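Let me begin by presenting the structure, written as structure tokens, before commenting on it.
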Amino acid sequence: MKRVMILGSDGYIGWALSKSLSFAGISVLGIDNYSRRKLVAEVGGLSVIPIQSSRQREKLLRENGYDFSFVEGDLTDYLFLHDEIKKFKPDTIFHLGQQPSAPYSMRGVREAVFTQSNNIITTLNLIHAVQFLDSNISIVKIATAGEWGTPNIPISEGWMEIEYKGKKDTVPFPKQPGSFYHCAKVFDSINIELACKIWGLNVTNVYQGVVFGNNINPRRIGSDTIFDSLEGAETRLDVDECFGTVIHRFCAQAIINHPITVYGSGGQKRGFLPLRDSVQCLTLLGNNPAKGYRIVNQFAEIYSINQLAITVLEVLKGMGQRVPRITNFNNPRVEKEEHEYEVEREILKQLGYTPSISLKDEIRNILEDLVEHRKLIFVLKESSLLSPVTKWKKGNL
Ligand code: USQ
């Protein structure tokens, strides 16, 4: 990779990736319309790690000698995206520019329509622009492990062999999305696969698990401690019930002694990976582009929600802090709470991915980072955003 465009460069992973790739000497153009900031504000949330504006971030990287530029714009505007690709001439485009929250998409018809139209249009615009301008550009697109759902059979890396009525075939692994957000990702994946088939595009579709953590550089590996090199360039961290993901929420709750909000029995299992590993994997995929269409399952480990809650409390106790209780809320989502979860992950392993830090160490890093931002977590608590609000079953359409 020499010239990289990052769509959604102002978001949680997008900014971490922008920073990491420009540190590595790559020329990076970030594009964003501040959608994440606006949507989090719309639900009353805020990043509990204070962040700079995209312009300040651009200035900071450039002043430190990194080749990062930022353009504000909306990816649903085809001509805007087309013109930026034409001008910048990237060899690789990472597409992270979408509405990322499952709960947000379940709040009502307005949010579901926004999520699906925004997300699907951004991908349609990207694949059309690339096939029109230069079909050799490699695309790495963030899909979601949630497209597969939680079936009673092991999940493959994309396809499975079946025998039906005496005939055999290799078919796409079935999708069982659990929210309108996850459905949008499924539609994206179908559109991308078709574009690869008919236009010969080269796309890696990244079925990523839940990402957690705030640092892209190693901070505690064994006895060594290394800190992020660029102060002021932190990426965002959300803990509200809509945009906050489970480990971040449990850490924030633990820091202010708020009950830990396990939904249902807590036997739900998901794949998880630290932010630094997400960046590591995306870099590996960018450096080893797909030939045609490639599906990759991307996460480090599988945990149940109960395991996560217990681990957060163990780490907090080890830090000498008061430990809150775990509460089992009536599950606001419709999802299996006890199930198998076995997921094939061969491609990233073959490309050299090794998980970089243990769950406990990264949770400790998050808790340490959050201690100094207690006041902001209290602000969210006062707005009742640490408890679940958005329900999958409701009548607020
Ligand atoms: N959960 C709790 N308590 C909470 C919050 C969540 O028990 O306070 C549970 C949920 O019920 C769910 C699990 O934790 O079973 C994961 O929820 P989450 O909010 O951390 O993540 P999710 O909604 O699944 O979505 C996140 C990202 C999304 C990405 C997806 C990957 O927001 O962009 O696609 O993770 S995956 O989960 O594999 O589908």
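The values are calculated or read from the model by the stated rules, or taken from the named source; none is laboratory data. All figures in this text were calculated on a predicted structure; none of them were measured in a lab. Glycine also receives a Cβ, built like all others from the backbone with ideal geometry; neighbour counts cover every protein chain displayed. The protein model used for the area step is the full one, side chains on, heavy atoms only, and it has no ligands, DNA or RNA in it. Shrake-Rupley method; radii C 1.70, N 1.55, O 1.52, S 1.80 Å.
Tabulated data
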read-out	value
Carbon + sulfur, % of accessible area of the chain - ligands and nucleic acids excluded, 1.4 Å	53
Long-range HN-HN contacts of residue 260 with modeled amide H, under 5 Å	325, 326, 327
Amide H partners (placed H, <5 Å) of residue 30, local residues excluded	6, 69, 70, 71
Full-stretch length increase - residue 64, residue 329 - with 0.36 nm per residue and alpha-carbon distance subtracted	90.7 nm
Per residue accessible area in Å² of the chain, where ligands, DNA and RNA are left out and the probe is 1.4 Å	43
Hits among lysines - C-alpha to C-alpha of residue 317 under 19 Å, sequence gap 8 or more where chains match	360
Listed pairs 38/393; 336/393; 59/141 exceeding 20 Å between Cα atoms	38/393; 59/141
Charge-dipole axis of segment 46-162 as Lys and Arg at +1 and Asp and Glu at -1 on Cβ define it, positive-most pick from 71, 50, 118	50
Alpha-carbon centroid distance for the pair segment 292-368 / segment 1-45, whole angstrom	24
More than 26 Å apart - percent of Cα-Cα pairs taken over the chain	52
Under 17 Å from the residue 371 label point (7 Å along Cα→beta-carbon), backbone N, segment 278-317	312-317
Label-point separation in nm, residue 257 to residue 194, each point 7 Å along Cα→Cβ	5.7
Principal semi-axes in Å for segment 258-356 [√(5λ), Cα gyration tensor, largest first]	32, 18, 10
Zone of residue 394's modelled label, taken as backbone nitrogen in segment 321-351 under 16 Å from a point 7 Å along Cα→Cβ	330-335
Ranked by how many other beta carbons lie within 10 Å on average, peptides 33-40, 299-306 from highest	299-306, 33-40
